[in-house]
1. For the Cα atoms of chain B, what angle does the longest principal axis make with the long axis of helix B:123-135, in degrees from 0 to 90, nearest 10?
2. Could you work out the relative contact order of region A:56-108, using alpha carbon pairs under 8 angstrom and six or more residues apart, expressed as a whole percent?
3. Per residue of A:71-84, how many C-beta atoms from partner chains lie within 10 Å of its own C-beta, taken as a mean?
4. Out of all DSSP beta bridges in region B:14-98, what portion is antiparallel? Express it as a percent rounded to 5.
5. Residues of B:137-145, mean number of Cβ from any other protein chain within 10 Å of their own Cβ, rounded to a whole number?
6. Within 10 Å of each Cβ in peptide B:100-110, how many partner chain Cβ atoms are there on average? Round it to a whole number, please.
7. Count charges around residue A:39 for me, please; just the other residues with Cβ under 10 Å from its Cβ, Lys/Arg as +1, Asp/Glu as -1.
8. Using a simple charge model, +1 on the beta-carbon of Lys and Arg, -1 on the beta-carbon of Asp and Glu, nothing else, what dipole does chain B show about its Cα centre, in debye to the nearest 20?
There are 2 protein chains.
Amino acid sequence: MVDTDLLRIAVEEAQAGLAEGGIPIGAALFDSDGTLLGRGHNRRVQDDDPAMHAETSAFRNAGRRANYRGTTMVTTLSPCWYCSGLVRQFGIGRVLVGEARTFQGGHDWLAEHGVEVTILDDPGCVAMMTEFIAARPQLWFEDIGK
Amino acid sequence: MVDTDLLRIAVEEAQAGLAEGGIPIGAALFDSDGTLLGRGHNRRVQDDDPAMHAETSAFRNAGRRANYRGTTMVTTLSPCWYCSGLVRQFGIGRVLVGEARTFQGGHDWLAEHGVEVTILDDPGCVAMMTEFIAARPQLWFEDIGK
């Protein structure tokens, strides 16, 4: 699968989260051969769970693994420090980011520490977050601890 | 409450995790006045959940909050990058660490970014992790992505 195919899964997750009244950020973890290991979206609103960001949700749904070397974390938005820390700690080899315009997380820090980072600058991802932040700023600030 | 009282709650959590057959790392989040907001322990084994480290569990159990400025995250072990990222992203003001001998996480990085870090170097915490790592090295390596 090409990068835009991988991103599509994360976007579907973000859209599902939005439809549930939640924060529209989605993610998915893939193996090196393109096998989907887990997918998920932010669940702050849905589960009243501040610990379930999109990336942590996809990571949880992938289940336990001995290592993550060849895996790719795909996310609609630049990963926050919490999710960047997840990537670094577990040695996830690559991060594919939908966009980093509406929020700048830790992707440069990950690249400095050997993670392959690709930013697609996808207009659909930018529009989704721009509209969400304008509509529900307090919820967004809560989710990033601002 | 003094620091050793705060640590005791995290140690109780770690011991509960060990008794359940899990990884003995515990944590608790306190407000500035010493009010316990949430407590928890690593749940990798118990819930088959690789995303539930001690700190993320305590954070989840504290529920949704608008900000974390005056809070203290107490943990029996130096926080890994994942949990250090949690602390940084949500602006948790202080981290109180039981020990950092058996594992060196991101506490220096947190201190560089303005988090108040205290390491108690508690012998009981060191012994608990030393014994656990010796008894179940594969499980420990899985939990830190090595």
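The values are calculated or read from the model by the stated rules, or taken from the named source; none is laboratory data. Just so it is clear, the model here is predicted, and its values are computed rather than measured. Here Cβ is always computed from backbone atoms with ideal geometry, including for glycine, and neighbour counts include all displayed protein chains. Ligands, DNA and RNA are excluded from the accessible area calculation, which covers all protein heavy atoms including side chains. Shrake-Rupley method; radii C 1.70, N 1.55, O 1.52, S 1.80 Å.
1. Long axis of B:123-135 versus the principal axis of chain B: about 40 degrees.
2. 43
3. Shielding by partners across A:71-84 averages 3.
4. Given both bridge residues lie in region B:14-98, the antiparallel proportion sits at roughly 70 percent.
5. If you average over the peptide's residues, the count of other-chain Cβ atoms is 3.
6. 1
7. Once positives and negatives cancel, what remains is -2.
8. 380
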